[in-house]
Amino acid sequence: MSEFFVSNHPLIQNKMALLRNKETGTKEFKEIISEVAMLLCYEATRNIELVPSKVQTPIAETEVNVIEKKFAVVPILRAGVGMLDGLLALMPTAKVGFIGLYRDPETLKPVEYYCKLPKDVADMEVFVTDPMLATGGTAIAGINFIKERGAKKITFLCILAAPEGVKALKEAHPDVDIYAAAYDSNGLNDHGYIVPGLGDAGDRIFGTK
Ligand code: URA
């Protein structure tokens, strides 16, 4: 069964207070999204497999543990890009893919308009990023497309999760662990925004409003 992890780390909670504040400007908001993503990445990689190895220190040979697994980070366009640098700060050798989706106005189904993934994604541990897990529609569709390319181990990272999104994502992808910096149990308002939330994450990251 998959995990739904919500951070209770004081550093993350303090940064969430700044993100939620409507007075926080674009530059600071973008920086804090990246910092929270990095702290969340630290939590989400806690159970990564280690392989015993040996190194020679300046003094003696010693046993060490190393990560051999290959990682991919896949932001969902556009807001997921705001979390990318934070993950790459901890996983600098990760390969990066992008997935873009829009909602067809007639069928209301998510349609993939862009997908560029590392070619060996099937053998990688994939971290999908999207700051707001609201209805879950985008996350579910994005992960569908990534699974179609063969990926087997996928973790979803968001800044803020709502009950509707967590439930939908767990039902659609019970094998995908979800890591959130915070959880708003009030759910969504009539416009699909998380309450109290932090507003439109994409607009606040990229200064488009
Ligand atoms: N997307 C956002 O950017 N904010 C929300 O509250 C919900 C979805």
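Readers should treat all values here as calculations from the given coordinates under stated rules, not as data from a laboratory. Remember, it's a predicted structure, so these values are computed and weren't measured experimentally. Positions of Cβ are backbone-derived with ideal geometry, glycine not excepted, and every protein chain shown enters the neighbour counts.
Tell me the relative contact order for the chain as a rounded percent, counting alpha carbon contacts under 8 Å between residues six or more apart.
It comes to 25 percent, rounded to a whole number.
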### Query
About its Cα centre, what dipole magnitude does region 37-97 give when the only charges are +1 on Lys and Arg Cβ and -1 on Asp and Glu Cβ, stated in debye to the nearest 20?
260
## Note on the structure
For the chain, the percent of all C-alpha pairs falling in each 10 Å bin, from 0 up to the bin holding the max distance, is 8, 34, 36, 15, 5, 2, 0
### Message
Only sites in a loop by DSSP and with at most 13 other Cβ atoms within 10 Å count here; which trypsin sites (Lys or Arg not before Pro) in region 133-195 make the cut?
### Response
Lys152
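Out of every Cα-Cα pair in region 57-142, what percent are more than 23 Å apart?
The share of Cα pairs beyond 23 Å in region 57-142 comes to 35 percent.
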## Note on the structure
Going fewest to most other Cβ atoms within 10 Å around each Cβ, Leu160, Leu90 line up as Leu90, Leu160
### Task
Considering the options Pro58, Phe98, Phe4, tell which one lies farthest towards the positive end of the dipole of the chain, charges being +1 on Lys and Arg and -1 on Asp and Glu at the Cβ, about the Cα centre.
Phe98
### Message
Once you order the gyration tensor axes a ≥ b ≥ c over the Cα atoms, which shape class does region 63-106 get: rounded for a/c under 1.5, otherwise prolate or oblate by comparing a/b with b/c?
### Response
prolate
#### Entry: Structure-based [θ]222 nm, the chain - -39500 (n - 2.57) summed over DSSP H runs of at least 4, per residue, nearest 500
-9500 deg cm²/dmol
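Just how large is the dipole of region 96-188 about the Cα centre, in debye to the nearest 20, putting +1 at every Lys and Arg Cβ and -1 at every Asp and Glu Cβ?
For region 96-188, the charge dipole is close to 140 debye.
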### Query
Beyond 23 Å, what share of the Cα-Cα pairs of region 116-209 remains, rounded to the nearest whole percent?
27
#### Entry: Antiparallel %, DSSP beta bridges [both residues in the chain], to 5
35
